[in-house]
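J.: Here it is, the structure, as structure tokens.
The values are calculated or read from the model by the stated rules, or taken from the named source; none is laboratory data. Computed from a predicted structure; not experimentally measured. Cβ coordinates were reconstructed from backbone atoms using ideal geometry, including for glycine residues, and neighbour counts include every protein chain displayed.
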Amino acid sequence: MVKSLLLVSYVLISGAFNALLASNGVKGFHKGPVIQFETMVHDFGTLKEGDVVNCVFKFTNNGNEPLIIEDVEQPCGCTIPSWSKEPIMPGKSGEIKVIFNSKERPGIFRKTLTITSNTTTTSKDKLLLMIKGNVLTKKQWKQANGSTKK
């Protein structure tokens, strides 16, 4: 009887302690959905003007509740994001695909996408992803690649 009472007490105290840690954001204890990206920046390198390229930002829900990506704000019409509208269950992965159209966009670029989700965070900062690179005009591209043909 005493052993049973001690075991029940231990389970109750342990559960309360874990809940307290999770509610205070202690690492290793996650309450609610938690999004973790493999990488948050993608560098396309050097592109030729007119190239249409894409990349995929992979993430995992490391929380204990379903994760919902509500919106991915695009900085302009040259950048188009897409993502699954279905909830990502705890421990499962998802992805955000980004298409960049370099038409009439010569020069160095950095485009930031703002993620809106149902994650709980103590930070007031938005979750941001970035794509970057350098777009050469067709003339610059030919010079850089040693081609003298027009």
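J.: Residues that are in contact with a Pro (Cβ under 7 Å, 6 or more places away or on another chain) and either modelled with pLDDT under 95 or acidic (Asp, Glu) (or both): does the stretch 39-53 have at least one?
T.: Yes: one or more hits.
J.: For residues in the stretch 82-98 being farther than 13 Å from SER117 by Cβ and touching a residue at least 24 places away in the same chain (Cβ under 8 Å), which is surrounded by the most Cβ atoms within 10 Å (Cβ to Cβ)?
T.: Looking at residues that are farther than 13 Å from SER117 by Cβ and touching a residue at least 24 places away in the same chain (Cβ under 8 Å), I get VAL98.
J.: Ok, one more. Starting from the stretch 34-60, keep only residues that are under 12 Å from VAL135 (Cα atoms), then list their pairs with residues that are of a type in the set (Asp, Glu) and loosely packed, with under 15 Cβ neighbours inside 10 Å whose Cβ atoms are within a distance under 8 Å, requiring at least 6 positions of separation or different chains.
T.: As it stands, the answer is GLU49/GLU104, since those pairs meet every condition given.
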